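Below is one structure; the comments refer to it alone.
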Amino acid sequence: MSFQNPVFIPGPTNMPEALRRAVDMPTLDHRSAVFAEILHPARAGVKKVLQSDSAEVFFFPSTGTGGWETAISNTLSSGDHVLAARNGMFSHRWIDLCQRHGLKVQVVETNWGQGIPADKFEEILTEDTSHRIKAVLATHNETATGVKSDIAAIRRALDAADHPALLLVDGVSSIGSMDFRMEDWGVDIAVTGSQKGFMLPAGLAIVGFSPKAMQMVETATLPRTFFDIRDMGKSYAANGYPYTPAVGLLNGLNQSCEMLLEEGLNNVFLRHRRIADGVRAAVKAWGLELCAASPDLYSDSVSAIRTPEGFNATNIVIHAADTYGVAFGVGLGEVAGKVFRIGHLGMLTDVLALSGIATAEMCMADLGLEIQLGSGVAAAQEVYRTTTATPIKAAA
Ligand SMILES: *Cc1c(COP(=O)(O)O)cnc(C)c1O
């Protein structure tokens, strides 16, 4: 693998030099006053990125998976019912985590390539008149399939059913790259990590809790120690941390938020959409199809690309690494061998994206697929040179 080339995996993502430098800092005493100057601005920055006025933000030395565990262990009790759709590897893994914690998960099996069926959720929630379901889990962007789900529609389903369940959302591969509105969508817990939209090394679980989720913390009885947000909250109030924080990562996160907010969230989202549009144009030019079933589901942070029947898509990823020193994502779970993934989130530019598209083309041609060299690149070039980065208008 070459360290010269960008990666095209949907996390960890490429790191801007400024963020690498921000993470690389001398040891400092986290009990000294300077720690607060990193911690508090990072919390304020993340709150803005989550587009929330009321969220409490917490950081754990962990990853997105630890964020899932933080979300459930602080708000739920053994035997509680939760509702979730399984439409890819990440929603599957969150369901598994809940089951291992003794939660009863009502799983809505959904085709991989489809989004979360909000109408089905509404039906189930409406029938649940005794409010046995305590939380609805939603993976905003299924990184395994490149499918985006409509979180606002899930909030509407909860509201239409007049159901009090918490809405817990995995935004690990959307937050900081695709529009994510914690406040507007009534998200009770937002979960992410440092290594995707925030363009940092892995190592932080990042969670936002709504006031309603904060209220559940006292009654929830799932065991928790490391991930107890009460200890976190108490320490933050005293400008500290309940154990040793990942200071460098927090410093990087603070800078990452500054970068994203300086660019403007809408501009960040638009940049991701343009880059993704170019990749999608290339896929079409190759005569291939996305795993995502329809355009409203297309993810702007990752594309899972179906290869022809009888061809092992994983070979593209292996060949790219061995021959060109470039990383693409393999298919996971049900779509293993059927898709390969191009991650296009984080610090990518048009130019970097073109290099990834060109490499994918070479790999597919090398492996005998009928791909016209340059076809995808040309299609993406057309997208990039004919669209300009005007801010997308905020949706109503
Ligand atoms: C990457 C990812 C995760 C897992 O996060 P880790 O940081 O690897 O623990 C969870 N959900 C989604 C949607 C992801 O893309």
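The values are calculated or read from the model by the stated rules, or taken from the named source; none is laboratory data. Treat the numbers as computed from the prediction; the structure is a model and nothing was measured. Cβ coordinates were reconstructed from backbone atoms using ideal geometry, including for glycine residues, and neighbour counts include every protein chain displayed.
Is it the case that V46 is touching a residue at least 60 places away in the same chain (Cβ under 8 Å), within 16 Å of the ligand (Cβ to nearest atom) and closer than 19 Å to Y236 by Cα? Break it down into steps so the answer makes sense when it comes.
On the way: touching a residue at least 60 places away in the same chain (Cβ under 8 Å): yes; within 16 Å of the ligand (Cβ to nearest atom): yes; closer than 19 Å to Y236 by Cα: yes.
Criteria met by V46.
Among the listed residues S210, S177, identify the single one that is within 13 Å of the ligand (Cβ to nearest atom), of a type in the set (G, A, S) and in contact (Cβ under 8 Å) with a residue 24 or more places away in the chain.
So the residue among S210, S177 that is within 13 Å of the ligand (Cβ to nearest atom), of a type in the set (G, A, S) and in contact (Cβ under 8 Å) with a residue 24 or more places away in the chain is S177.
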query = Of the residues H101, H40, H81, which is under 24 Å from A152 (Cβ atoms) and either surrounded by fewer than 24 Cβ atoms within 10 Å (Cβ to Cβ) or over 18 Å from the mean Cα position of the chain (by Cα) (or both)?
reply = H81
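Please go through the range 91-120 and give me each residue that is assigned to a loop (DSSP other than H, G, I, E, B) and closer than 13 Å to S78 by Cβ, ordered by number. Give the derivation first.
Our first condition is that a residue be assigned to a loop (DSSP other than H, G, I, E, B); within the range 91-120, this holds for 101-103, 110-111, 113, 115-117.
Hits for the range 91-120 are H101, G102, L103.
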request  = Looking at (1) within 16 Å of the ligand (Cβ to nearest atom); (2) in contact with a helix residue (DSSP H, G or I) (Cβ under 9 Å, 6 or more places away or on another chain), find the lone condition where L158 falls short.
outcome  = (1)
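Which residues, counting only those in the range 283-327, are aromatic (F, W, Y) and more than 18 Å from L373 (Cα to Cα)?
Restricting attention to the range 283-327, the residues satisfying the condition of being aromatic (F, W, Y) are 286, 298, 311, 324.
Result: Y298, F311.
Could you tell me which residue of the range 49-68 is farthest from the ligand (Cβ to nearest atom), considering only residues that are of a type outside the set (S, T, Y) and part of a helix (DSSP H, G or I)?
Pass one, the range 49-68, residues of a type outside the set (S, T, Y): 49-51, 53, 55-61, 64, 66-68.
Filter again for part of a helix (DSSP H, G or I), leaving 49, 64, 66-68.
Values: V49: 16, G64: 3, G66: 7, G67: 7, W68: 7 Å.
Among those residues, the one meeting the criterion is V49.
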key: Boolean, I189 is within 16 Å of the ligand (Cβ to nearest atom), under 22 Å from L261 (Cα atoms) and among the hydrophobic types (A, V, I, L, M, F, W, C)   = yes
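If only one of L19, L28 is out of contact with any Lys or Arg (no Cβ under 6 Å at 6 or more places or on another chain) and modelled with pLDDT of 95 or more, which one is it?
Values: L28 fails: modelled with pLDDT of 95 or more.
Within the list L19, L28, the selection yields L19.
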inquiry  = I'd like the full set of residues that are under 28 Å from G79 (Cβ atoms), touching a residue at least 60 places away in the same chain (Cβ under 8 Å) and within 15 Å of the ligand (Cβ to nearest atom), limited to the range 121-148.
reply    = E142
note = When the range 219-241 is checked residue by residue, the ones that are touching a Lys or Arg at 6+ places or on another chain (Cβ under 8 Å) and either β-branched (V, I, T) or farther than 11 Å from F59 by Cα (or both) are G240
message = Out of the residues in the range 87-97 meeting the condition of being more than 12 Å from D170 (Cα to Cα) and buried (at least 24 other Cβ atoms within 10 Å of the Cβ), tell me which one is farthest from the ligand (Cβ to nearest atom).
response = N87
request  = Considering only the range 40-72, state which residues are farther than 20 Å from V23 by Cβ, polar (S, T, N, Q) and touching a Leu at 6+ places or on another chain (Cβ under 8 Å).
outcome  = Q51, T65
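Hey, could you check the range 227-270 for residues that are among the charged types (D, E, K, R) and free of Cβ contacts under 8 Å to residues at least 12 places away in the same chain and say which is surrounded by the most Cβ atoms within 10 Å (Cβ to Cβ)?
Let us first name the residues in the range 227-270 that are among the charged types (D, E, K, R), namely 228, 230-231, 234, 258, 262-263.
Filter once more, keeping what is free of Cβ contacts under 8 Å to residues at least 12 places away in the same chain: 231, 234, 262-263.
Numbers: D231: 16, K234: 12, E262: 9, E263: 14.
The residue in question is D231.
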request  = Pick out the one residue from A85, A71, A138 that is part of a helix (DSSP H, G or I) and aliphatic (A, V, I, L, M).
outcome  = A71
